[in-house]
1. How would you rank 551-564, 444-457, 312-325, highest first, on the average number of other Cβ atoms within 10 Å across their residues?
2. How many nm separate the modelled label positions at Ala183 and Arg495, each set 7 Å beyond the Cα in the direction of the Cβ?
3. From the phi angles alone, apply the Karplus equation (6.51, -1.76, 1.60; θ = phi - 60°) to region 286-301 and give each ³J(HN,Hα) in whole Hz, x where the residue is Gly or Pro.
4. Which of the pairs Lys282/Lys323; Lys210/Lys539; Lys510/Lys533; Lys210/Lys253; Lys282/Lys364; Lys69/Lys521 have their Cα atoms more than 21 Å apart in this structure?
5. What is the gain in length, in nm to one decimal, between Ala549 and Lys345 on full extension, counting 0.36 nm per residue of separation less the C-alpha to C-alpha distance?
6. When the C-alpha atoms of region 258-390 are aligned to their principal axes, what extent does each axis show, in angstrom, from largest down?
7. What order do you get for 212-223, 525-536 when each peptide is scored by the mean count of other beta carbon atoms within 10 Å, highest first?
8. Working out 0.36 nm times the residue gap between Met174 and Asn313, then minus their Cα-Cα distance, what length gain in nm do you get to one decimal?
Amino acid sequence: SELIRGFLLAGMPCPSSCPPGLLALMAPGLALMATFSLPSQAGDRRALPVEKPPGVKGRTLILLDVNTKSPVRIISENFLSLQLDPSIIHDGWLDFLSSRNGAACRAEPSPGPFGRRAGCRPGLQSPPLPGRPALRGGQSRAAAALGSTGDIVRSDIALDKQKGCKIAQHPDIMLELQREKAAQMHLVLLKEQFSNTYSNLTLTARSLDKLYNFADCSGLHLIFALNALRRNPNNSWNSSNALSLLKYSASKKYNISWELGNEPNNYRTLIGRSVNGSQLGKDYIQLRSLLQLIRTYSRANLYGPNIGRPRKNVIALLEGFMKVAGSTVDAVTWQHYYIDGRVAKVTDFLKTRLLDTLSDQIRKIQKVVNTYTPGKKIWLEGVGATSAGGMNNLSDSYAAGFLWLNTLGLLASQGIDVVVRQSFLDHGHNHLVDQNFNPLPDYWLSLLYKRLIGPKVLAIHVAGLQRKPRPGRVIRDKLRIYAHCTSYHNHNYVRGSITLYIINLHRSRKKIKLAGTLRDKIVHQYLLQPYGKDGLHSKSVQLNGQPLAMVDDGTLPELKPRPLRAGRTLVIPPLTMSFYVVKNVNALACRYR
């Protein structure tokens, strides 16, 4: 399952107005594996260069084993979730998410998902509608986590639930006009972003109805972040606007989880006044009290405080919040963006030092949370390769996948329960699908992850990989290997199977020999490589040498593995990402849910 940030929806959306196949992204899936010397480009049969360190003859063989007795971590079934940017209300994309192409983005059968809606905009405001109460919420967020228990027919915004969920039909000319409108809005949003002056965004009751029905008919769970920027003279939260929204949602019996605000460490920039951690904690307690007054939401989940990068001042804010309201929230949330999208280069995505910045942030957040509320779940509720909306042909390219897959591996191995990807579709270039709803490289990567990776994380044992560091020098691994039990929802593999996922940042291929309990087992390989002449800048990918593309507006292609004979050495091509399912291991840790 996955979350959609900005709007949190249970399940992962798909491209092309989310055709049904695309939402399959968040469903359990397959595994990627690398075989012998696979070429780095389709059709290229030349042998790849092999790295030979000075003084070493031949090639280094890496021995890999996995502890199959017990998991080291167990993460949420909804671990991989998505965000929708609030701008989809302003620029019109909300209506198109439920079209036939958008429906293909729906999730395949998977455990219950989450969805979250959030954004940087200062507030969403709604005027009263005839016969409906005014909805005045700002900073709304929604994210969707893939997680339906069965195939769901993607719906349009069917406001009359008795009529069921329907798929909207939009002529091509309407989609073209929508792209032009969105392009103009993109320029407006960029101007606001760089000037730090934001206009209010109107959220009508009908818009909320559309959003909820999109989530509900897609099998997603909506998480909505209320506007925390409305403040009283004493700087306490003014909840009158939120109360109107809560009452309206309750009258419609909408099943929603809640959050308050977005990146509170930046409030001074947005409204000219800061909110410290203690006051923010009091605001959350006030929100919890409101929820308990409304029967529909008396047991609703509440998440926060969704802070930014944990620098010194942000850590102080989190500490103040946890002292006051640590027990009030169901999970503690924060955000992370690796690079300033305005200055990023493709080589940045290959730097191990950059990949490792997330580990330090995880430790800082865990230290504070475990000090005040030991065992409290932690979510990375907003993550992207680049900030500032990303950069075309970079944060939406194959190269960005190295950061994304490593992020998933690090978070799972260090016990972060849920990660919300920024974003499924928005005005920038960090999204998973383009404005034609065609899947981008990170979409295919996420789809494979959802299909193949289960919530149980396993410890790996590697020999032949580590080098003795020189004095004063830190060795940063360019070959990164993670292991999980294979997803229980993937019926192509029996319980007890194991899935490895591997990132090779070396410019030479690497050979891995499976040892111990993995020795002499049949392996299925899913190798993702860039497709076309653009190399790492490519927005298209190939799986085991076959280009990946939608079959039609509503159908995902079959993701076929490449079987490797038992005992065969895995050969990982340079600068690639791959998944390997080791079949019939009968791992004790993976036999039962």
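Since every read-out is calculated from the coordinates, none of them should be taken as a lab result. The structure presented is a predicted model; accordingly, all values stated were derived computationally and were not measured. Don't worry about glycine lacking a Cβ; one is built from the backbone with ideal geometry, like all the others, and counts go over all protein chains shown.
1. Highest to lowest by the protection proxy: 444-457, 312-325, 551-564.
2. Roughly 5.3 nm, to one decimal.
3. After applying 6.51 cos²θ - 1.76 cosθ + 1.60, I find 4, 5, 4, 5, 4, 4, 6, 7, 9, 3, 4, 10, 5, 10, 5, 6 Hz.
4. Lys210/Lys539; Lys510/Lys533; Lys282/Lys364
5. 70.8 nm
6. 53, 33, 28
7. Going from most to least packed, we get 212-223, 525-536.
8. Numbers: separation 139, 0.36 × 139 = 50.04 nm, distance 4.69 nm.
Contour length minus the Cα-Cα distance gives 45.3 nm.
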